[in-house]
1. Quick test of your reading of the structure: residue 143 fulfils all but one of (1) in contact (Cβ under 8 Å) with a residue 24 or more places away in the chain; (2) touching a strand residue (DSSP E or B) at 6+ places or on another chain (Cβ under 8 Å); (3) on the phi > 0 side of the Ramachandran plot. Name the failing condition by number.
2. Report yes if residue 104 is loosely packed, with under 14 Cβ neighbours inside 10 Å, in contact with a strand residue (DSSP E or B) (Cβ under 7 Å, 6 or more places away or on another chain) and assigned to a loop (DSSP other than H, G, I, E, B), otherwise no.
3. Any idea how many residues of region 200-225 are free of Cβ contacts under 8 Å to residues at least 24 places away in the same chain and under 11 Å from residue 172 (Cβ atoms)?
4. With the condition kept exactly as written, say whether any residue in region 41-59 is at pLDDT 95 or above and within 15 Å of the chain's Cα centre (by Cα).
5. Within region 172-199, how many residues are free of Cβ contacts under 8 Å to residues at least 40 places away in the same chain, within 20 Å of residue 99 (Cβ to Cβ) and surrounded by fewer than 18 Cβ atoms within 10 Å (Cβ to Cβ)?
6. Is it true that residue 139 is at pLDDT 95 or above, surrounded by 20 or more Cβ atoms within 10 Å (Cβ to Cβ) and in a helix (DSSP H, G or I)?
7. Working only within region 1-23, note down all residues that are touching a helix residue (DSSP H, G or I) at 6+ places or on another chain (Cβ under 9 Å), under 19 Å from residue 58 (Cβ atoms) and part of a loop (DSSP other than H, G, I, E, B).
8. In region 152-171, which residues are touching a residue at least 40 places away in the same chain (Cβ under 8 Å), in a strand (DSSP E or B) and surrounded by fewer than 24 Cβ atoms within 10 Å (Cβ to Cβ)?
């Protein structure tokens, strides 16, 4: 576990694909995304090594239901009993009721259904999770996935952008086209994120930006507009 904001926000190491975040809240730990299936045990081990227990995990927020974001969810949910939170559009995917939405044509992954995990709470665009990080605002940012959610914390100026933007080799990029349902909508979501003023920008893939985040985000948004 590596601190981003000491005693508040952390990320995990050695998860292979997909980045996972942990927020230390007054009542326990909130996790954002869960990585691939192998990541679940690694996330929990790093939490325990940092002095927490499985029972300290109170909430697991899912940005979107792709395998590299919900793969570790069945294990973590079984071990912690944490409340799972997602958008209403992603809920039936997480619960294994429908296959993962795919782009309508071209190169795309095969039909895939993830293992059922119950979603306890759904959130809408603009809704604030008051018990997370002092108030975490949900932002509907569809495109990569129909119900994709990003999250904004205004006091600490932290923006969790999920897979709306990748950061590969220290460079921001669009998400991979074959895994993105609607790239035009995803580009609109990038413009939406660029209206915020983050000091810290956290990605679903790539190392967070902790210096000059707003300027870098807006420069990237201009490139893809």
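The values are calculated or read from the model by the stated rules, or taken from the named source; none is laboratory data. Since the model is a prediction, treat every value here as computed from it, not as a measurement. As a convention, Cβ positions derive from the backbone with ideal geometry for all residues, glycine included, and neighbour counts pool all protein chains shown.
1. (2)
2. Spelling it out, it is not the case that residue 104 is loosely packed, with under 14 Cβ neighbours inside 10 Å, in contact with a strand residue (DSSP E or B) (Cβ under 7 Å, 6 or more places away or on another chain) and assigned to a loop (DSSP other than H, G, I, E, B).
3. Summing the residues that are free of Cβ contacts under 8 Å to residues at least 24 places away in the same chain and under 11 Å from residue 172 (Cβ atoms) in region 200-225 gives 2.
4. yes
5. Count: 1.
6. Answer is no for this residue.
7. Answer for region 1-23, where residues must be touching a helix residue (DSSP H, G or I) at 6+ places or on another chain (Cβ under 9 Å), under 19 Å from residue 58 (Cβ atoms) and part of a loop (DSSP other than H, G, I, E, B): 1, 12, 20.
8. Matches in region 152-171: 152, 166, 167.
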